[in-house]
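Single-structure report; data block below.
The values are calculated or read from the model by the stated rules, or taken from the named source; none is laboratory data. Since the model is a prediction, treat every value here as computed from it, not as a measurement. Each accessible area value is taken on the protein alone, full model and side chains, heavy atoms only, with ligands, DNA and RNA left out. Shrake-Rupley method; radii C 1.70, N 1.55, O 1.52, S 1.80 Å.
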Amino acid sequence: MSASLVAAGAPIGELRRWARTALKAAGIADPVREAEWLLAHVLELPSHALLLEGERAVSELQVERARALIGRRASHEPLQYLLGTQEFRGLDMAVTPDVLIPRPETELLVEETLRAIARVSGPRLVDVGTGSGCIAVAVVRERPDATMYALDISAPALAVARANAIRHGTFDRIRFVRTDLLGAFSARARERFDVIVSNPPYIAVGELDGLQPEVAHYEPRVALAAGADGLVYYRRLLREAPMLLKQGGCLIMELGYGQADSVMSLARTSGAYDSVVCRKDAAGIERVLVARAGSGGAVA
């Protein structure tokens, strides 16, 4: 069934069948569920109501909107960008093509950050490369006494993060700063933090085009690419963080698949951290590095 055969006045059921067929033909892994989500968005109905109202006629405008969204998804534009949202740790986060789509495994960064500040009163934290702001917002939601700096080099990304902070009532406790990594802070400043947390870019440039189309063609490369070996930002953060952490403070970073040994080695050979451990995600992959700063201060 082609899109041109779905005319104004056609029933919702016909539109559903067309949408499923189009997404299946495009190789979308779950065409039935994604068609339901997209059509529910277009028709402004709960997903379960699509079946109940299957005989209801659709308007010309609704057909055109459905055709546009289904066509974009068939081209592998991420579903989250089309719907404008992604759930993260129970929060509905706004997302746009200016930010990386929050992943379930990134929730482990929030868990480890909350663990690190569990016994700290009024903790001070930095989220480096905040993107959508999902980490900063989630942490501050669960720790109302926290002060968070959310840093990003991208002004459009910071705009999304601000919107999410407003949406979830955390805007007054998050300070948004446009900067390259930790560049906004001077090592000579008195500011020191309990946690510096980051989900940095960690994909080797040569591997980008081999990623699934949703990632390679649509998500912002500035949030993905990390030099020839994927370790550029780990090296910088491991070098710069000790100068800004309190004694016993933690640098907590998400790791790419297979990167744990390399990043742990970088942390240990720096001499700036008293302990370096990795936490595994639900799939058993070493996903988060927690490096606790000692009293040695800056890395040479």
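Near Phe88, the amide H atoms lying under 5 Å from its own belong to Met93; only residues 5 or more places off or on other chains count, and H is placed 1.01 Å from N. Once amide H atoms are built 1.01 Å from N in the peptide plane, which residues 5 or more positions from Val288, or in another chain, come under 5 Å H to H? Answer set, sorted by chain and number: Leu255, Arg279. When the solvent-accessible area of segment 113-240 is split by element, carbon and sulfur atoms take up 50 percent of it, the probe being 1.4 Å. When Rg and Dmax of the Cα atoms in Å is computed from the coordinates, the matching label among (i) 18.9, 58; (ii) 22.0, 72; (iii) 19.7, 65 is (ii).
The long axis of helix 155-167 is offset from the longest Cα principal axis of the chain by roughly 80 degrees. Once the 1.4 Å probe is applied to the protein heavy atoms, the chain comes out at 46 Å² accessible per residue. The mean sequence separation of alpha-carbon pairs under 8 Å and at least six residues apart, normalised by the residue count of segment 168-270, gives a relative contact order of 35 percent. Convex hull volume per residue, computed on the Cα atoms of segment 44-121, equals 147 Å³. When the solvent-accessible area of segment 20-93 is split by element, carbon and sulfur atoms take up 51 percent of it, the probe being 1.4 Å. For the chain, DSSP calls about 45 percent of its internal beta bridges antiparallel.
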